[in-house]
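For reference, the structure is listed below as structure tokens.
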Amino acid sequence: MLKELLVEIGRADYISKYMLASKMNQPLGLIEDVFTQLIRLGFLEEDEGLSTCDLPCGRCPYASMCNTNPIKTINLTKKGQDYLTSLLN
Amino acid sequence: MGNTIALVGNPNSGKTTLFNALTGSNQHVGNWPGVTVERKEGEVRFRDKVYKVVDLPGTYSLGAFSEDEMVARDYILTGNPDVVINVVDATNLERNLYLTTQLLEMGVKVIVALNMVDEAESKEIYFDVKALSGRLGIPVIPTIACRRQGLDDLLAAASIKIDSAKNGQFAISYGESIDTKLITLKSYLSKSELAIPLNWLAIKVLEGEEYALRIIKEQEALQGSTDFRSFYEELAVHRDEYQLDIVDARYNFVNTIVKGTVSRPAEPKTTWTDKADDILTHKIWGLPIFAAIMLIVFQLTFAIGEDVLGESMAEGIEALGEIIKSGLVSISAPWWVTGFVTEGIIAGLGEIIGFIPLILVLYLLLGLLEDSGYMARAAYVMDNIMRAVGLQGKTFISMIVGFGCNVPGVMSTRTLENRKDRMIAILINPFMSCGAKIPIYLVFIAAFFPKHGGLVLFSIYFLGILMALIMAKIFSKTLFTGEVSHFIMELPPYRKPTLRNVIRNMWDNVSEFLVRAGTIILTVVSALWILAVLPVGVEAYGPESILGRVGSLIAPIFKPAGFGTWQAAVGLFSGIAAKEAVVATLGMVYAGVSEGAELVSTIRSVFTPLTAVAFMVMTLLYTPCAATIAMIKKETGSVKWATFAATYTFALGWLMAVLVFQIGSLLGFA
Ligand SMILES: Nc1nc2c(ncn2[C@@H]2O[C@H](COP(=O)(O)OP(=O)(O)O)[C@@H](O)[C@H]2O)c(=O)[nH]1
């Protein structure tokens, strides 16, 4: 499943864990787990973005209205990329 | 002392509840040696025997990812528990059984407490416990820890397990190649005297786990064998492959265990989330939908913010201003106090206060949009366009942040690894119209386009994005060339935005906004006010004041854009200090033009609709505020780039404002 997911991620432009869960016919929690596994094994990298705007917002009048919902992005690491390439060859 | 039972489980599996249920008040808390992880121990009496119960930290895995994991792993390997009770959350079986699989690999005696079966039942998840137990080769006992149900069965199973031999068979295959490697490795390992389970060690070696590799390194006998060394080196070559295959094998094993032993309600094939995403992220429709949503947001902002709330607010301010002014006059305060308070503060700050409802509503709506999860979709939709101009889509995330404030906007480009992406993202961020510019637009909208506020504001933001994209394309063709790096965006599930929370915070927002904006405005306006009344003797706020003279010096460059007055020039330049100050500054300098009249009507008399548009375009594009320039310097590490950012934006803003005015005049607009 890890490989399957890695291949999916390699192909995709965006990831919706929900969609992957229904596509692979697995519970969502499991898909999340597999993601975590891929991250801890170093195939993927997760980037939470700036999850807080406390720091630079400083004296900004709009600071309290600042929405800090991060948009998460995922990158294939070099390890992940190399692995996918080797899989295709 | 009797036998030892160790409790292991995922976080939130109910492990603590079970531990408390088993041990009652018979427990003490300490620390595991060398780490800050809490160690809990207790005792339980069952059928005239006393068992020691050790509660291990909650963990998903038994590797080396966190202290918790290591503590749990080390205790199971070297603490010699007589039996391990694996607490499993029945509502989340697959995830929990992953840990169980690792326990089985370790070969320790395990029993499963299938906890939260009540919760599972309420979710219509049912188990064939006997089959489950058969496939795992270990006892599985359903429990409801919080109601103390199943505890006796659990302890009975534990005591039997302690006295019995090892676990039953469980069939996990990691694939032929790995299985053979494991057999060979185990036969090598069996020659050394190792205190840890060989099977587990062999698997961990293939997975390349530090802990296991270290043990191998310490085995002199192994290291002395050339056979082993070449075998071992061969393993390292395929490590990535093995890592994935082994973890995969565990998941597959879990899948085969669960299949047929667990029944749960079928999940709908396509959820409405998928359907919504099909539409919202559509290749063609995604973008127009995004535009339409933003337009609606701006329209609503004006509908709610101005028509409903704004009127009363503005009237209130005006009345308050009058009261303060007559108060000051009646106590015959010195001229400069009255002047500073009425022309400086009330005229300046008052304008901003009048627009607070609008700003609040806009942020409220944008906040709701973000809370709902839509912004991630918008960022994805923009990704396609960003790529077309040679940028990666993550850039759009920093742009969204820039709509609030360019300072964190510039800072958030940190997450772009590639220098090219990063530099471009920094340089175009100032075109994202920040919150502090909103009052400036609002003044001009109120003066000239009160009926079309939403549309005007939308067009301004749109122009900002457009200019950003155009400049990005130019930069990526000239200054920074290179590859577009690839990344994947995660679309979070949609959520119902919590309107109640947002509204509850509204008052906090207003007061905080007032204090913070007030401080900034007061600072800038006070400084400018002094320049506006000096030198002593000249007409205050007149063209002969220091401020007037400086403004008049600059003003001619804005002539071609149609707003070549010294007041407009001063207003724009105050914006380089802080954009919040522009409206207040205009309020102050125009207070001299038509005594006492409010800013909007003064603006109406000195600008035309066309020059107003030119001024707004200038405001949108010209030099960002000092804080942003400082952040650009910090993030690029270069004064040169900061200066470039400050000047090219000014040049571009000027050029666009001139174009608007000149072309507009040619076309007969006024
Ligand atoms: N419905 C239900 N809830 C449980 C059960 N066992 C524990 N809980 C609840 O699940 C939550 C997490 O339990 P806790 O013992 O703190 O989990 P831990 O993180 O594994 O220690 C608590 O709110 C418990 O009250 C159970 O068998 N059924």
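The values are calculated or read from the model by the stated rules, or taken from the named source; none is laboratory data. None of these values were measured; they are calculated from a predicted model. Counting neighbours? That spans all protein chains shown, and the Cβs are built from the backbone with ideal geometry, glycine included.
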Among (1) touching a residue at least 24 places away in the same chain (Cβ under 8 Å); (2) of a type in the set (D, E, K, R); (3) over 29 Å from B:Ile576 (Cβ atoms), the one test that B:Arg419 misses: (3)
Qualifying positions in region B:195-229 - surrounded by 13 or more Cβ atoms within 10 Å (Cβ to Cβ), part of a loop (DSSP other than H, G, I, E, B) and on the phi < 0 side of the Ramachandran plot: B:Ile196, B:Pro197, B:Glu209, B:Gln219, B:Ser225
Candidate set from region B:1-35 (those that are over 20 Å from B:Glu119 (Cα atoms) and in contact with a Gly (Cβ under 6 Å, 6 or more places away or on another chain)); member that is farthest from the ligand (Cβ to nearest atom): B:Asn26
Residue count, region B:425-456 (criterion: of a type outside the set (S, T, N, Q) and either within 14 Å of chain A (Cβ to nearest Cβ) or touching a Ser or Thr at 6+ places or on another chain (Cβ under 6 Å) (or both)): 11
Qualifying position, being among the aliphatic types (A, V, I, L, M), touching a Gly at 6+ places or on another chain (Cβ under 9 Å) and at pLDDT 90 or above, among B:Ala627, B:Ala646, B:Ala651, B:Ala614: B:Ala614
Set B:Glu38, B:Glu43, B:Glu119: member being over 12 Å from B:Leu7 (Cα atoms) and either more than 12 Å from the ligand (Cβ to nearest atom) or within 13 Å of chain A (Cβ to nearest Cβ) (or both): B:Glu43
Breaking point among (1) surrounded by 15 or more Cβ atoms within 10 Å (Cβ to Cβ); (2) within 16 Å of the ligand (Cβ to nearest atom); (3) touching a residue at least 40 places away in the same chain (Cβ under 8 Å), for B:Gln149: (3)
Check on B:Ser476, closer than 18 Å to B:Ala378 by Cα, away from every other protein chain (no Cβ under 13 Å) and modelled with pLDDT of 70 or more: no
Test: residue in region B:68-77 that is away from every other protein chain (no Cβ under 14 Å), touching a residue at least 12 places away in the same chain (Cβ under 8 Å), surrounded by 23 or more Cβ atoms within 10 Å (Cβ to Cβ) and within 13 Å of the ligand (Cβ to nearest atom): yes
Residue count, region B:647-656 (criterion: of a type in the set (Gly, Ala, Ser) and under 16 Å from B:Ser433 (Cα atoms)): 1
Region B:78-114: number of residues that are within 14 Å of chain A (Cβ to nearest Cβ) and assigned to a strand (DSSP E or B): 2
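Let's see how each residue does on (1) under 34 Å from the mean Cα position of the chain (by Cα); (2) not aliphatic (A, V, I, L, M):
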| position | (1), (2) |
| --- | --- |
| B:Gly2 | no, yes |
| B:Asn26 | no, yes |
| B:Val35 | yes, no |
| B:Glu41 | no, yes |
| B:Val44 | no, no |
| B:Pro57 | yes, yes |
| B:Asn86 | no, yes |
| B:Thr91 | yes, yes |
Members of region B:87-110 that are among the β-branched types (Val, Ile, Thr) and either more than 16 Å from the ligand (Cβ to nearest atom) or surrounded by fewer than 24 Cβ atoms within 10 Å (Cβ to Cβ) (or both): B:Thr91, B:Thr101, B:Val108, B:Val110
Yes/no for B:Lys161 being under 21 Å from B:Val50 (Cα atoms), charged (D, E, K, R) and away from the ligand (no atom under 11 Å from the Cβ): yes
From the options B:Gly63, B:Gly134, residue that is away from the ligand (no atom under 15 Å from the Cβ), out of contact with any Gly (no Cβ under 6 Å at 6 or more places or on another chain) and without any contact (Cβ under 8 Å) to a residue 40 or more places away in the chain: B:Gly134
Matching residues in region B:210-235 - criterion: being away from chain A (no Cβ under 14 Å) and under 27 Å from A:Glu4 (Cα atoms): B:Glu234, B:Leu235
Selected residue [in a loop (DSSP other than H, G, I, E, B) and modelled with pLDDT of 90 or more] from B:Ile172, B:Ile160, B:Ile138: B:Ile138
Test set (1) within 37 Å of the chain's Cα centre (by Cα); (2) in contact (Cβ under 8 Å) with a residue 12 or more places away in the chain - B:Pro288 fails condition number: (2)
